[in-house]
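Asks: Below is the structure I would like to discuss, written out as structure tokens.
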Amino acid sequence: MLNKLETKLAGVIFFVAIAQFILAMLLAEVLYPGYSVSGNYISDLGVGSTAFIFNTSIVILGLLLIAGALLTRNVSKAFAVIMVLAGIGAMGVGIFPETTGSLHVYSSLLVFLMGSIAPIPLLLKIRNVLALTWVILGALGFVSLILYATGHYMGLGHGGMERFIVYPDLLWGMAFGGWLAGNAEKPEK
């Protein structure tokens with residue numbers, strides 16, 4: 001049985017993991033010469049002068065997602081497995097920057113896909129309106145991934161469309177972390 005301390009700790013871990021990544025990504029965007037959120041890929045931040053900031057932050061994100069997943073394994077085993085895979089994908093993005101080719105692409109796809117579907121098992125265990133919003137955000141990320149993969153950027157550019165994959169997943173993840181840290185209750189079965 002998941003105890004309240006583990007639940008609170010998992011929530012803090014998820015929240016900190018995502019908050020540090022968002023802040024590091026924003027810092028790297030500001031420092032990257034001529035960076036455009038619509039015209040550049042997020043992973044462009046992992047090469048050049050901002051590589052250390054971005055790659056370190058996304059590896060930390062991956063490690064912390066795995067740690068949080070392990071602490072929430074009794075909430076939902078499916079969620080824990082999906083989040084471990086998302087964490088592995090995030091670490092892969094930082095370990096294998098975009099200049100490495102297919103390992104980077106597969107890592108990106110893994111974190112994008114797993115991050116978008118992860119809230120589904122939560123809704124099955126945590127039956128409340130907030131869990132539904134997490135699924136809606138994940139669905140937005142998933143639909144954006146399909147549009148992105150098929151070259152439909154909806155006037156946002158490839159960088160803007162990529163952000164519609166990533167940002168919804170970051171938002172639901174932070175909200176879930178805050179909910180876990182604040183509630184620390186075992187979900188209904």
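Asks: Is it the case that the range 144-165 has a residue that's free of Cβ contacts under 8 Å to residues at least 12 places away in the same chain and either surrounded by 18 or more Cβ atoms within 10 Å (Cβ to Cβ) or under 21 Å from Ile22 (Cα atoms) (or both)?
Replies: Step one: of the range 144-165, the residues free of Cβ contacts under 8 Å to residues at least 12 places away in the same chain are 146, 149-155.
With the extra rule that they be either surrounded by 18 or more Cβ atoms within 10 Å (Cβ to Cβ) or under 21 Å from Ile22 (Cα atoms) (or both), the set shrinks to none.
No.
Asks: Check off (1) surrounded by 22 or more Cβ atoms within 10 Å (Cβ to Cβ); (2) closer than 24 Å to Leu156 by Cα; (3) touching a residue at least 40 places away in the same chain (Cβ under 8 Å) for Ser36 and give me the number that stays unchecked.
Replies: Failed condition: (1).
Asks: Which of the residues that make up the range 1-55 are part of a loop (DSSP other than H, G, I, E, B), among the hydroxyl-bearing types (Ser, Thr, Tyr) and under 19 Å from the mean Cα position of the chain (by Cα)?
Replies: Within the range 1-55, just Tyr41 meets the criteria.
Asks: Let me ask you something else. Tell me which residues, restricted to the range 59-107, are assigned to a loop (DSSP other than H, G, I, E, B) and of a type outside the set (D, E, K, R). Working first, answer last.
Replies: So in the range 59-107, the residues assigned to a loop (DSSP other than H, G, I, E, B) come out as 72-76, 96-97, 101.
Passing the criteria: Thr72, Asn74, Val75, Ser76, Phe96, Pro97, Gly101.
Asks: Would you please name the residue that is surrounded by the fewest Cβ atoms within 10 Å (Cβ to Cβ), looking only at residues in the range 100-143 that are hydroxyl-bearing (Ser, Thr, Tyr) and under 22 Å from Ala90 (Cβ atoms)? Please lay out each step first, then the result.
Replies: Going through the range 100-143, the residues hydroxyl-bearing (Ser, Thr, Tyr) turn out to be 100, 102, 106-108, 116, 133.
Those still in the list that are under 22 Å from Ala90 (Cβ atoms) too: 100, 102, 106-108, 116.
On the way: Thr100: 14, Ser102: 8, Tyr106: 14, Ser107: 25, Ser108: 23, Ser116: 27.
Here the residue is Ser102.
Asks: Thr100 versus (1) at pLDDT below 95; (2) over 17 Å from the mean Cα position of the chain (by Cα): which is the lone unmet condition?
Replies: (1) is the only condition that Thr100 fails.
Asks: What are the residues in the range 123-145 that are farther than 28 Å from Gly34 by Cα and modelled with pLDDT of 95 or more, if any?
Replies: Taking the range 123-145 and keeping what is farther than 28 Å from Gly34 by Cα, we get 123-140, 142-143.
Result: Leu132, Thr133, Trp134, Val135, Ile136, Leu137, Gly138, Ala139, Leu140, Phe142, Val143.
Residues checked against (1) touching a Ser or Thr at 6+ places or on another chain (Cβ under 8 Å); (2) more than 28 Å from Asn183 (Cβ to Cβ); (3) charged (D, E, K, R):
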{"site": "Gly62", "(1), (2), (3)": "no, no, no"}
{"site": "Ala67", "(1), (2), (3)": "no, no, no"}
{"site": "Val81", "(1), (2), (3)": "no, no, no"}
{"site": "Leu85", "(1), (2), (3)": "no, no, no"}
{"site": "Ala90", "(1), (2), (3)": "yes, no, no"}
{"site": "Glu98", "(1), (2), (3)": "yes, yes, yes"}
{"site": "Gly101", "(1), (2), (3)": "no, yes, no"}
{"site": "Ser107", "(1), (2), (3)": "no, yes, no"}
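Asks: Read through the list (1) crowded, with 17+ Cβ neighbours inside 10 Å; (2) modelled with pLDDT under 95; (3) out of contact with any Phe, Trp or Tyr (no Cβ under 7 Å at 6 or more places or on another chain), then give the number of the only condition that Thr72 fails.
Replies: Condition (3) is where Thr72 drops out.
The values are calculated or read from the model by the stated rules, or taken from the named source; none is laboratory data. Given the structure is predicted, the values throughout are model-derived calculations rather than measurements. Heads up, the Cβs are rebuilt from the backbone with ideal geometry, glycines too, and the neighbour counts pull from every protein chain shown.
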